[in-house]
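Novice: Questions regarding the structure given below will be posed in turn.
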Amino acid sequence: MHEVALAVLEQDSNFLIQLRDDIDEILFPGQWGLFGGHIEPGETPSQAVHRELFEEISWFADKPLTPWFRRESGAYIAYLFRGTLSVSIDQLFLHEGQDMTLASLDQLASGSIWSHRLNEYRSVAPGLEIVRQHLVSSIHAP
């Protein structure tokens, strides 16, 4: 079973997402997903998510991201972390994926989001709907 660590980074009620590469061998190729990736042997999920963020967008979190929830789905276990994106998206350097953007909950719910780099709409990966549902629940929690 594969283990991954993913980051839900918020800025002004929007969430940083990545347009995954069009590579058939990866999960959800060409779809919008979260930044993060596989947990290496001997690495904790927290270490993995921070390493992946640096590798993928050259960003170090000001403080450790908060563990949020864990999801098991047949072939993988995903550890999700939440935090605040402390810099402008213009200060990030995309090293993996085709595009990145800050998306609202409504945009995530729409099922497809515009890519400025590709000049087309691309679909939202199914896992992002689960994340959106958790976000909505946390907003409406007493």
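Novice: Across the chain, what fraction of all alpha-carbon pairs, as a whole percent, falls in each successive 10 Å bin from zero upward?
Specialist: 12, 45, 37, 6, 0
Novice: Then there's this: Calculate the spin-label point distance for residue 96 paired with residue 46, positioning each point 7 Å from the Cα along the beta-carbon direction, and give it in nanometres.
Specialist: Result for the modelled spin labels: 2.1 nm.
Novice: Next up: Using a basic spin-label model with each label point 7 Å from the Cα along Cα→Cβ, how many nm lie between residue 136 and residue 70?
Specialist: Taking the two extended label points, one gets 2.7 nm.
Novice: With runs of 4+ DSSP H residues as the only contributors, calculate the mean residue ellipticity of the chain at 222 nm using -39,500 (n - 2.57) per run, divided by the residue total and rounded to the nearest 500.
Specialist: Working: 3 runs with 34 residues, N = 142.
Only helices count here, giving -7500 deg cm²/dmol.
Quick note: the coordinates plus some simple rules give every number you see, no bench work behind them. These figures come from a predicted structure and were not determined experimentally. So basically every Cβ, Gly included, is an ideal-geometry build from the backbone, and we count neighbours across all protein chains shown.
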